[in-house]
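Report on the following structure.
The values are calculated or read from the model by the stated rules, or taken from the named source; none is laboratory data. The structure presented is a predicted model; accordingly, all values stated were derived computationally and were not measured. Methodologically, a virtual Cβ is constructed for each residue, glycine included, from the backbone with ideal geometry; neighbour enumeration extends over all protein chains shown.
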Amino acid sequence: MGDEVFAKKKRRSWIENVIRVRSEENAQRCFTISSSLTSGGLLGLPLEIQKIFENNRKIDKLYDWQEKCLKMKSVENGRNLIISLPTGGGKTLVAEIFILKQVVCRQKDALFILPFVSIVQEKIKAFLPLGLECDFLVEEYAANKGRIPPIKHRRKKAVYIATIEKAHSLVNSLIESKTLSSLGLIVIDELHMIGEGYSRGSCLEQIISKVQYVSPSTQLIGISATLNNVDQLKEYMKAELLTDDFRPASHCSEYLSAEAPASGKSSMLFNHQVWGRRLLQKKLMVKRLLMARILIESADSYIMHLISCP
C-alpha cells in the first residue's frame, strides 16, 4: 500500500513539473517577442503564430489602427475594450490576437461569443490549426455541442467558441463551480445586439453584468460595426473605446443569392457593398448583413452564393 501511495505522489509530482515547465516555456516565448518581431508583424505573438497567420490566412501585416489597438497599455494591463469600426476593417483579427495572447502567454482560458451557429463553426475551423500548434484546446459551444459544465483540463488551456445562448449557460456553470476566474478574456462579437429587444440582447447584458460582479479580473472586449449608444456601453463596461472610420482600400459590389435546401430554388435577396481581403471574409460579412436584416435564425440553413459585380 505504501509503495502505491508513493508511486501516485511521484506521478503527480511529475505531471505538475511538466505543466510548470510548459508554462515557463510559453512565458519565455512571450518575453522575447518584442525583440524578435518585425515592425509590421502581429504584435505580441510568438513568431511561430505569426507564421501560421501568414501561411494559412495570407495576413502578414497589420493596419495602423490594429497596431495602435494592440499597443494600448491600459488594455494590455487588463482594462476592458470596445472596438467600433466599419464592417471589414479587421476587428475580428485583433480580437483573435488578444485571445491567442491570453491562452499562450498568460495561460488563461478565453471565451469567444458569436451571434450565429454558422459563424461559430467557421471560427472553429480557423482556430483548430492554432490550437494544434500552440497546444491549447478549441471547444465548440453551439446548437447541441458543448458540455455543461465544461470538462476540466489540467494540462491545457481552452478557447471556448460559443453562440450567445450557449455562452450564457457556460458562464452560469462556471459561476456555480466558482471557476469563472479561469476565464482570462471574453470577446463579444456584434456587441450592438445588446440593445436589441430579443432574448439575445438580454443574454449579453446578463453575461457582462455577471462577469463584472463575480470575476472583475476577467477582461471583456466587445466589437461591433455600429454602436448608437457607445457612450453608455463604455460606461457600463468600464471600457476603453477605440473607434475609427477606416475601411480597406479594396472593395467591390456583391450580390447575395440564398438557396433554401428543401426547395432547391435560389432567390436574389439584396445587394450590398462588401469590404474584405478574402472571399470567405466577404461571405461571412454578407451573411451577417442578411441575418441582421431578416432577423431569423432559420437563415442559418440557407446556402449562400456570393456573386461579384465588376
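With respect to Ser177, determine if the residue is touching a Ser or Thr at 6+ places or on another chain (Cβ under 6 Å), in the same structural domain as Ile99 (by TED's automatic domain parsing), farther than 27 Å from Ser118 by Cα and of a type in the set (S, T, N, Q).
Details: touching a Ser or Thr at 6+ places or on another chain (Cβ under 6 Å): no; in the same structural domain as Ile99 (by TED's automatic domain parsing): yes; farther than 27 Å from Ser118 by Cα: yes; of a type in the set (S, T, N, Q): yes.
So Ser177 fails the test.
Just to be sure I understand the filter: pairs with C-beta atoms under 8 Å, separated by 6 or more residues or on different chains, first member in the range 118-134 and in the same structural domain as Ile52 (by TED's automatic domain parsing), second member part of a helix (DSSP H, G or I) and surrounded by fewer than 18 Cβ atoms within 10 Å (Cβ to Cβ). Which pairs pass?
Ser118/Asp300; Glu122/Leu280; Ala126/Arg57; Pro129/Asn56; Glu133/Glu48; Cys134/Glu48
Output the residue which, of all residues in the range 147-201 that are outside any helix (DSSP H, G or I) and among the small types (Gly, Ala, Ser), is surrounded by the fewest Cβ atoms within 10 Å (Cβ to Cβ). Give the derivation first.
Residues of the range 147-201 outside any helix (DSSP H, G or I): 147-163, 177-179, 183-190, 196-198.
Checking which are among the small types (Gly, Ala, Ser) leaves us with 158, 162, 177, 184, 197.
Numbers: Ala158: 21, Ala162: 24, Ser177: 12, Gly184: 23, Gly197: 7.
Here the answer is Gly197.
Testing Asn26 on (1) at pLDDT 90 or above; (2) assigned to a helix (DSSP H, G or I), one condition comes back false. Which one is that?
Against the list (1) at pLDDT 90 or above; (2) assigned to a helix (DSSP H, G or I), Asn26 comes up short only on (1).
When the residues of the range 240-254 are narrowed to those that are in a strand (DSSP E or B) and closer than 15 Å to Leu85 by Cβ, which ends up modelled with the lowest pLDDT? Let's see the steps before the verdict.
Going through the range 240-254, the residues in a strand (DSSP E or B) turn out to be 240-243, 251-254.
From what is left, the residues that are closer than 15 Å to Leu85 by Cβ are 240-243, 251.
Working: Glu240: 96, Leu241: 95, Leu242: 94, Thr243: 91, His251: 48.
Looking at residues that are in a strand (DSSP E or B) and closer than 15 Å to Leu85 by Cβ, I get His251.
Identify, by number, the condition in (1) in contact with a Leu (Cβ under 8 Å, 6 or more places away or on another chain); (2) farther than 20 Å from Gln102 by Cβ; (3) not in a helix (DSSP H, G or I) that Asn144 doesn't meet.
Among (1) in contact with a Leu (Cβ under 8 Å, 6 or more places away or on another chain); (2) farther than 20 Å from Gln102 by Cβ; (3) not in a helix (DSSP H, G or I), Asn144 violates only (1).
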